[in-house]
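To keep things clear, I will list the structure first and then write my remarks on it.
The values are calculated or read from the model by the stated rules, or taken from the named source; none is laboratory data. Just so it is clear, the model here is predicted, and its values are computed rather than measured. Positions of Cβ are backbone-derived with ideal geometry, glycine not excepted, and every protein chain shown enters the neighbour counts. Heavy atoms of the whole protein, side chains included, go into the accessibility calculation; ligands, DNA and RNA do not. Shrake-Rupley method; radii C 1.70, N 1.55, O 1.52, S 1.80 Å.
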Amino acid sequence: MNPTKLFSPDFVLGKTFLLGRAVGGAMGLVVRRPSARSWRVARLALQVTPRYTMVAPNRLAALYDIVQQANALELVGDIVECGTWHGGSAAIMAAACRDDDWLDRRSFWLFDSFQGLPAPGEQDGMNERRRFFPGWCTGDMARVQQIMVAHGVSPDRLHIGAGWFEQTLPTAAVEQIAALHIDVDWYASVKTVLHAFYDKVVPGGFIVFDDYGQWPGCRTAVQEFLQRVGVMDQAIVRPTKSSAYVRKPTTPNRSLSSRAP
Ligand SMILES: C[S@@+](CC[C@H](N)C(=O)[O-])C[C@H]1O[C@@H](n2cnc3c(N)ncnc32)[C@H](O)[C@@H]1O
């Protein structure tokens, strides 16, 4: 059997690994910065792992902070996630809004194939292409609904787009985005999301890349795209070893529509 399959989050060994990492990671959060806030985020991380998320606690903590920054800055717009799987990272963003009393000012737009990852392409590297198997990371829409509602999101503020991004994103009715979380692993998927949604991110809005330090194709896609819209590499913030984020410039650089492909 393909060892990637055995250790992937869809299988028992992978889930056991995620749980162990979550316990260690949650303890790390509290030990490094002992505070009520760290306890809160550590508890949230343990509530959603491994049943709802494969994202490590330090990345969940960074995501929680970013959404709270968007709220503190009173950025208008919704929370969008591409790459939702079972809904855990989206639930952390909902928890950040609930803790700020912002749940009635944001809608949540969550997109996933719910059929697993598409196959990696040339830019994703030989190793990733060798390890890939169809159905890797198959999400579950019912679990997403369950965990979002459990975190206080009202059903009329929850929009789940099921299907391949190429089909679902261009017709999505989302208008303004305060925070966009991109957790889609591969080069082509990252590019598709940025092309569909960059222009909808409000000035000063946050774009978070979960896999920037982990998957080479993601990093390449982000760098190519940011160069194209005139956002400098130095603008990329690295709150953790894997994740990264940028804020959309408040004075317009270039919008996608104003540039040739
Ligand atoms: C790493 S998982 C997301 C993990 C999730 N954020 C969590 O909290 O655990 C990546 C997800 O991206 C989705 N995905 C990647 N590329 C896609 C595409 N082109 N269209 C639709 N879904 C895609 C996969 O189905 C998979 O569920």
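Annotations for the structure displayed:
- Portion, in percent, of the accessible area of the chain that falls on carbon or sulfur, probe 1.4 Å: 56
- Computed magnitude of the charge dipole of segment 1-100 (debye, nearest 20; Cβ of K, R +1, Cβ of D, E -1): 520
- In the context of the full protein assembly, L75 retains an accessible surface of approximately 20 Å², using a probe radius of 1.4 Å and ignoring ligands and nucleic acids.
- Loop-located chymotrypsin sites (Phe, Trp or Tyr not before Pro) in segment 73-165 (DSSP state not H, G, I, E or B) with no more than 15 neighbouring Cβ atoms inside 10 Å: W164.
- Anchor K248: lysines whose Cα lies under 21 Å away (excluding residues fewer than 8 positions away in-chain): K191, K200
- Within segment 125-179, trypsin sites (Lys or Arg not before Pro) in DSSP loop having at most 15 other beta-carbon neighbours inside 10 Å: none
- Overall form of the chain per C-alpha gyration tensor (a/c, 1.5; a/b vs b/c): rounded
- Global form of segment 164-219, assessed from the alpha-carbon gyration tensor, a/c cut-off 1.5: oblate
- Cα gyration tensor shape of segment 110-200, rounded if a/c is under 1.5, else prolate or oblate by comparing a/b with b/c: oblate
- Think of the chain as having a plus end and a minus end, set by charges on the Cβ of Lys, Arg, Asp and Glu; of L46, V229, G152, L46 sits farthest toward the positive end of this dipole.
- Accessible surface ranking for T171, T84, 1.4 angstrom probe, highest first: T171, T84.
- Relative contact order [Cα under 8 Å, 6+ residues apart], segment 54-250, whole percent: 24
- Per residue, in Å², the accessible surface of the chain once ligands and nucleic acids are set aside, probe 1.4 Å: 45
- Computed E for R98/A172 - FRET, C-beta separation, R0 25 angstrom, nearest 0.05: 0.60
- Think of segment 54-250 as a dipole: +1 on every Lys or Arg Cβ, -1 on every Asp or Glu Cβ, centred on the Cα centre; then among T192, N127, T138, N127 lies furthest on the positive end.
- Think of segment 121-261 as a dipole: +1 on every Lys or Arg Cβ, -1 on every Asp or Glu Cβ, centred on the Cα centre; then among V201, V246, F165, V246 lies furthest on the positive end.
- Counting only Cβ charges, +1 for Lys and Arg and -1 for Asp and Glu, the dipole size of segment 54-250 around its Cα centre is about 360 debye.
- Per-peptide average of other Cβ atoms within 10 Å, ordering 177-188, 39-50, 221-232, 58-69 highest first: 177-188, 58-69, 39-50, 221-232
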